[in-house]
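Report on one structure; see the data block that follows.
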Amino acid sequence: SSEGTNRPACSRSIEAGAASIRAGNSFLIFPEGTRSRTDSLLPFKQGGFVMAIKSQAPIVPVAIQGGRTAMRRGSWLVYPARIDIRVGRPIETTGFRLDQRDDLIQVVRRAIEGLLETGSTASGPGA
């Protein structure tokens, strides 16, 4: 846990998010919490997974490559770049309990790693 984290506010946000999902809304969550300086995935934060478990909503893994080239860290300029986006099969959370969130994180992480590996073999225009 990070120092200075406001747990009650975070918990309220997660509860509100779960209620919104149960009401039929979708969320886009970047589980790393910040941009990686390399091609490697950073550790995943738990909030979005807790929200998915609380709402028993499926998680759709998505892999994005090329964003670092398009928008450099610390800059608001957007440069021309090829962005590859791959969408995986939904991962059901039905039956997962909160104490199994780390297991769910690993399942989703493996799915995203697989999508990233699939894209790493493509090269050149139109690949």
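The values are calculated or read from the model by the stated rules, or taken from the named source; none is laboratory data. It should be emphasised that the depicted structure is a prediction, and the values quoted were computed from it without experimental measurement. Cβ sites come from the backbone with ideal geometry, for glycine too, and all protein chains shown count toward neighbours. Note: accessible area is taken over every heavy atom of the protein model, side chains too, but ligands, DNA and RNA are not part of it. Shrake-Rupley method; radii C 1.70, N 1.55, O 1.52, S 1.80 Å.
Helical content alone sets the calculated 222 nm signal of the chain at -12000 deg cm²/dmol, taking -39,500 (n - 2.57) per DSSP H segment of four or more residues and averaging over every residue.
Across the protein chains, with a 1.4 Å probe defining accessible surface, the residues Lys45, Lys54 rank Lys45, Lys54 from largest area downward.
Just tell me, in residue order, which DSSP H segments of the chain are both 27 angstrom or longer along the helix axis (alpha-carbon based) and at least -1.0 in mean Kyte-Doolittle hydropathy.
Working: long enough: 101-120 (28 Å, -0.13).
Going by DSSP H runs, the hits are 101-120.
Rolling a 1.4 angstrom probe over the chain with all protein chains present gives an accessible area of which 54% lies on carbon and sulfur atoms. Other residues whose C-beta falls under 14 angstrom from the C-beta of Leu116 contribute a net charge of -1, scoring Lys and Arg +1 and Asp and Glu -1.
Taking Cβ atoms as reference points and 12 Å as the exclusive limit, the residues near Arg97 contribute a net charge of -1, counting Lys and Arg as +1 and Asp and Glu as -1. Proximity of backbone amide H atoms, modeled 1.01 Å from N, is registered between Val60 and Ile91 at under 5 Å, excluding neighbours fewer than 5 places apart on the same chain.
Would you please give the FRET efficiency between Phe30 and Glu117, computed as 1/(1 + (r/R0)^6) with r the Cβ-Cβ distance and R0 = 25 Å, to the nearest 0.05?
On the way: r = 19 Å, r/R0 = 0.78.
For Phe30 and Glu117, the calculated efficiency is 0.80.
Protein heavy-atom accessible surface, 1.4 Å probe, per residue over the chain: 70 Å². A convex hull fitted around the alpha carbon atoms of segment 1-69 yields 109 Å³ per residue. When all protein chains stay in place and ligands, DNA and RNA are ignored, the 1.4 Å accessible-area order of Asp84, Asp102, largest first, is Asp102, Asp84.
Based on DSSP loop calls and a cut-off of at most 16 other Cβ atoms within 10 Å, the longest stretch of the chain free of exposed chymotrypsin sites (Phe, Trp or Tyr not before Pro) is what? Let's see the in-between values first.
On the way: sites that count: Phe27, Trp76.
Between exposed loop sites, the widest span is 77-127.
With Rh defined as the Kirkwood radius, the inverse of the mean 1/r over Cα pairs, the Rg/Rh of the chain is 1.00.
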